[in-house]
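Below you'll find the structure, written out as structure tokens, and then a few comments.
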Amino acid sequence: MWKEAIETAMETVKRNAIQHPGLFPHISNELRYEWGQNNDWIDGFYTGMMWLSYEYSGQEFFKQTASEQLHAFEHRLENHIALDHHDIGFLYSLSAVAEWKITGNVEARQLALRAADKLVSRFREGFGAIQAWGMEDDPENGGRIIIDCLMNLPLLYWAHLETGNSSYYDIAEKHAQKSLRFLIRGDGSSYHTFYFDRLQGNALRGGTHQGFQDGSTWSRGQSWGVYGFALSYRYTKNEIYLDTAKRMARFFIDHLPEDHVSYWDFDDVVEQGTPRDSSATAITACGILELLELMPEDDSDRDYLRAALLRMMESLVDNYSTRNIENAEGLIQHGSYHVRGGQAPDNYMIWGDYYYLEALVRMDKGIKGYW
Ligand code: GLY
């Protein structure tokens, strides 16, 4: 079942690259992707899919396409194009780090290290974490962290391992600790964002940007936490991250509907037409795969997590994938980007496609991705 899903997914990735040379897919509109330049937070996912497909199939086409795309990431970093945000890890882990790990291209390694430096420049001493969005003195976002940023920390952990410079590690760790303390609630649910006084560092309040309301649990934020804390555990071996990722995974799983694919926010009323976010379920599946690899063999949560993973992935393949839709551009249907903001509430999300493929190739061949 996984093999067939992967084969059809790779055909789609290849067809897209042939039909839209030099362009990157953003989110879809009426189930066709909007294709554009490398200028959004999401462009790394497409390149990451090329690398996953290359590692899975060995087809040169994917390697060549991914390597060609690296130039756009280089141009973007050198010219600071749309980079006043924390998503530098999403962008450069899946492009430059991936290329370095797979091919040993030294230029890709240098690019990834420069990207890590740019991410470091967003660390704010005032509140001891990485600022998510905007400029340092931004009145709304100047003291704001968001849960998504946990997925950007592996770029810093990787840079520490490459260079031996501990400041990368220290900043990642400080950010993970701050996120754990202020974004995660006692029942394992999460805030999307948290505000601090940007100069004094006082904690102000939790809130949301893309979720249903300030105190709700936005399902994709929850999934960023599951995978993000699992990855912080991979690099630090601090047990509290393992425990947090497991608690967050349990909350996610225990709040899934009958078909095992999450709605967009765990606190919205479920009625006819309530949007799903299939991407959140794909991300959580990857987080669970990471947990299963890192957890002790005798961990009592192992069977529970493995069973949930299989249910989620089977449902994504059977009920959400486009494997039986001719010429579809996306891999999984019914993702949502920003429901409250009216942006792509039921569409393809390129990151949903990426994590769906990452989970599949990891389950089938143990290919782990590039975090
Ligand atoms: N990181 C932005 C999002 O998940 O929509």
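A short reminder: the numbers here are calculations on the coordinates, not readings from a lab. If you're wondering where the values come from, they're calculated on a predicted model, not measured in any experiment. Heads up, the Cβs are rebuilt from the backbone with ideal geometry, glycines too, and the neighbour counts pull from every protein chain shown.
At the listed q of 0.10, 0.15, 0.19 Å⁻¹, the Debye profile of region 160-312, built from one uniform point per Cα, gives log10 I(q)/I(0) equal to -0.37, -0.80, -1.16. The alpha-carbon of Lys14 sits under 19 angstrom from the alpha-carbons of these aspartates and glutamates, leaving out residues fewer than 8 places away in its chain: Glu4, Glu34, Asp43, Glu55, Glu60, Glu68, Glu99, Glu326, Glu329, Asp353, Glu358.
Convex hull over the Cα atoms of region 54-115, averaged projected area in nm²?
That works out to 4.0 nm².
Jot down the per residue volume, in cubic angstrom and as a whole number, of the convex hull over the alpha-carbon atoms of region 283-371. Intermediate values should be presented prior to the final figure.
On the way: hull volume 10.7 nm³, N = 89.
Enclosed volume per residue, from the Cα hull, is 121 Å³.
Each listed q (0.20 Å⁻¹) maps to a log10 I(q)/I(0) for region 1-53 from the Debye sum over equal C-alpha point scatterers, namely -0.75. Here is what passes the span test in the chain: the DSSP H helices with alpha carbon length of 24 Å or more along the helix axis and a Kyte-Doolittle mean of -1.0 or above are 2-19, 60-78, 166-183, 219-236, 278-294.
What the pair-distance distribution of region 40-196 shows, using all Cα-Cα distances binned every 10 Å from zero, is 11, 39, 32, 15, 3 percent.
Sorted on the mean count of surrounding Cβ atoms within 10 Å across their residues, most packed first, peptides 300-309, 281-290 read 281-290, 300-309. The alpha carbons of region 188-276 stretch over 45, 30, 14 Å along the principal axes, in descending order. Counting Lys and Arg as +1 and Asp and Glu as -1 over every other residue whose Cβ lies under 12 Å from the Cβ of Arg247, the net charge comes to -1. So what is log10(I(q)/I(0)) for the chain at q = 0.08, 0.12 1/Å, when the Debye sum runs over its Cα atoms only? The calculated log intensity ratios at q = 0.08, 0.12 Å⁻¹ are -0.35, -0.85.
What the pair-distance distribution of region 102-191 shows, using all Cα-Cα distances binned every 5 Å from zero, is 3, 14, 23, 22, 17, 11, 7, 3, 1 percent.
Normalised by residue count, region 150-213 yields a Cα convex hull volume of 103 Å³ per residue.
Our Cα-only numbers for region 216-262 put the radius of gyration and Dmax at 11.3, 36 Å.
Taking every alpha-carbon pair within region 1-125, the share separated by more than 25 Å comes to 25 percent.
In the chain, helices alone account for a calculated mean residue ellipticity at 222 nm of -16500 deg cm²/dmol, with every DSSP H run of four or more residues adding -39,500 (n - 2.57).
Residues considered: Asp259, Asp299, Asp277. Largest GNM mean-square fluctuation over the chain, using C-alpha springs under 10 Å, is found at Asp299.
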